[in-house]
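Right, one structure below, let's go through it.
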Amino acid sequence: FRWSLPMAMSISHRGTGVALSLGVSLFSLAALLLPEQFPHYLELLKSLGLGPALICSAKFALAFPFTYHSWNGIRHLV
């Protein structure tokens, strides 16, 4: 087999789908089991004083799989 763009996109689509399901499952489990409410953990994260580059990178790392998976799913349907 030779690697092709559609093959790589299909594999990435499956990978992002698995990553998104694991992420949602872990977030849901954490929401059920952690003792404090979400605003407490958000304030804890803000108190770390992370730089804008790290925050922007983290946002990209969270948004990219969702965006890629959604657009690739639409491309597949079309």
*asked:* Can you find, within the stretch 39-57, the residue that is farthest from residue 9 (Cα to Cα) among those that are outside any helix (DSSP H, G or I) and open to solvent by less than 70 Å² (accessible area, probe 1.4 Å)?
replied: 49
*Output the residues belonging to the stretch 58-78 that are open to solvent by 50 Å² or more (accessible area, probe 1.4 Å) and among the polar types (S, T, N, Q).*
67
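Take residue 2 and decide whether it is more than 24 Å from residue 77 (Cα to Cα) and open to solvent by 80 Å² or more (accessible area, probe 1.4 Å). Talk me through it step by step, then tell me what you get.
Values: more than 24 Å from residue 77 (Cα to Cα): yes; open to solvent by 80 Å² or more (accessible area, probe 1.4 Å): yes.
So residue 2 fits the description; yes.
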*Quick one: residue 36 ticks every box in (1) touching a helix residue (DSSP H, G or I) at 6+ places or on another chain (Cβ under 9 Å); (2) part of a helix (DSSP H, G or I) bar one, so which box is it?*
(2)
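Limited to the stretch 12-32, what total is found for residues that are within 20 Å of residue 62 (Cα to Cα) and open to solvent by 90 Å² or more (accessible area, probe 1.4 Å)? So that I can check it myself, show each step before the final result.
So the first thing to find is which residues in the stretch 12-32 are within 20 Å of residue 62 (Cα to Cα), and the list is 12-31.
From what is left, the residues that are open to solvent by 90 Å² or more (accessible area, probe 1.4 Å) are 14, 22, 24, 26-27, 29.
The qualifying residues number 6.
The values are calculated or read from the model by the stated rules, or taken from the named source; none is laboratory data. Since we're looking at a predicted model, the values are computed, not measured. Heads up, the Cβs are rebuilt from the backbone with ideal geometry, glycines too, and the neighbour counts pull from every protein chain shown. These area figures cover heavy atoms from the full protein model, side chains too; ligands, DNA and RNA do not enter into them. Shrake-Rupley method; radii C 1.70, N 1.55, O 1.52, S 1.80 Å.
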